[in-house]
Every structure is written in C-alpha cells, then in structure tokens.
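Q: Below are the structure tokens for one structure; questions will follow.
The values are calculated or read from the model by the stated rules, or taken from the named source; none is laboratory data. Since this is a predicted model, take the numbers as computed values, not measurements. For neighbour counting, all protein chains shown are included, and Cβ atoms are generated from backbone atoms with ideal geometry for every residue, glycine included.
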Amino acid sequence: MAFGSCSNQKSNSLDDKIQGTWELLSATTIEHGKQTTTNFTNDLKMIKVINKSHFSFLKHSTHANDSVSFDAGGGRYTIKGDEYTEYLDFYKDKNWEGKTFYFKVSFNQDTLIQKGVEKVEKANVDRVIIEKYIKLNK
C-alpha cells in the first residue's frame, strides 16, 4: 500500500513475482506462545489481489447462510528485497485502518509465504502470522 510514487521505488525481481491474484491456503497465528492454523480450502475462502501499487483482500464463508463472515480491506504496499509492507488504508474496523504491517515474503514455486507481525493496540492484537497463498493467475 504505497503512494503512487512507490511504484517507482520497487526495483527488484519480487516486484513482478508478487503481482497477481492469490488464494489463501492456510494462516497460522502465534499469540501468547499458542499456535493456531486455519485451513482456507474448505469453509473459508480468501483471495488477495496485488497490482503495481495496491493490494486488496476478500474473505468469506462458503456457507450459504453465513453473511457475517465477510471481510475485506486493502491499500498501498511497498516491497524491497524480501521486505513487504502493507499500509491498510481501507478496512471495516477503524482500529486497524491506517496501520502499517511489515512482512518477510518468500516463494516456493507458485506458493507465496508471508510472515510478519500484526500489532493493533486498540484491538488488543499482537501476534505473528504466517500465511501461505497459491497464485491463481499464472
């Protein structure tokens, strides 16, 4: 989530590789020493779309009667080497909106692995997250 000028700041091989539509396979959170992994291939689905300057994500339940589980957000991003930074400009929970999140990214063939810290004091969140995505538009 970067200002329009940030696209000029991106000058590495990961810049092109990270762009596309990604489907979340699993998300692991580590909080207070406890590790929890959520599978996103059955009851929950999430995609992340990354273009040259912005990212967005959409998450929902696959159950027909569950309209509560919808979540979405997005904003600018920067990438330098394996350091991927998201600036959450848009989100339904204003405690999260405007926050910056720092990640390390790596690739294993068509899988994107994103690891970093989610820390939002007003939401009482301080955890490590590890997300694994598969690229949809190859």
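Q: Just wondering, is there one or more residues in segment 29-52 that are free of Cβ contacts under 8 Å to residues at least 40 places away in the same chain, among the basic types (Lys, Arg) and touching a Ser or Thr at 6+ places or on another chain (Cβ under 8 Å)?
A: Yes.
Q: Could you tell me which of the residues Glu86, Glu97, Glu121 is on the phi < 0 side of the Ramachandran plot and out of contact with any strand residue (DSSP E or B) (no Cβ under 9 Å at 6 or more places or on another chain)? If you could, list the steps in order and put the result at the bottom.
A: Working: Glu86 fails: out of contact with any strand residue (DSSP E or B) (no Cβ under 9 Å at 6 or more places or on another chain); Glu97 fails: out of contact with any strand residue (DSSP E or B) (no Cβ under 9 Å at 6 or more places or on another chain).
Exactly one of Glu86, Glu97, Glu121 is on the phi < 0 side of the Ramachandran plot and out of contact with any strand residue (DSSP E or B) (no Cβ under 9 Å at 6 or more places or on another chain), namely Glu121.
Q: Identify all residues within segment 34-51 that are charged (D, E, K, R) and modelled with pLDDT of 95 or more; write none if there are none.
A: Kept after step one, since they are charged (D, E, K, R), are these residues of segment 34-51: 34, 43, 45, 48.
Hits for segment 34-51 are Lys34, Lys48.
Q: Name every residue in segment 73-98 that is out of contact with any Lys or Arg (no Cβ under 8 Å at 6 or more places or on another chain), under 18 Å from Thr29 (Cβ atoms) and of a type outside the set (Asp, Glu), in order of residue number.
A: Tyr91, Trp96, listed by residue number.
Q: Select, from Lys122, Lys104, the only residue that is basic (Lys, Arg), touching a residue at least 12 places away in the same chain (Cβ under 8 Å) and assigned to a strand (DSSP E or B). Full working, then the answer.
A: Details: Lys122 fails: assigned to a strand (DSSP E or B).
Sole residue among the options that is basic (Lys, Arg), touching a residue at least 12 places away in the same chain (Cβ under 8 Å) and assigned to a strand (DSSP E or B): Lys104.
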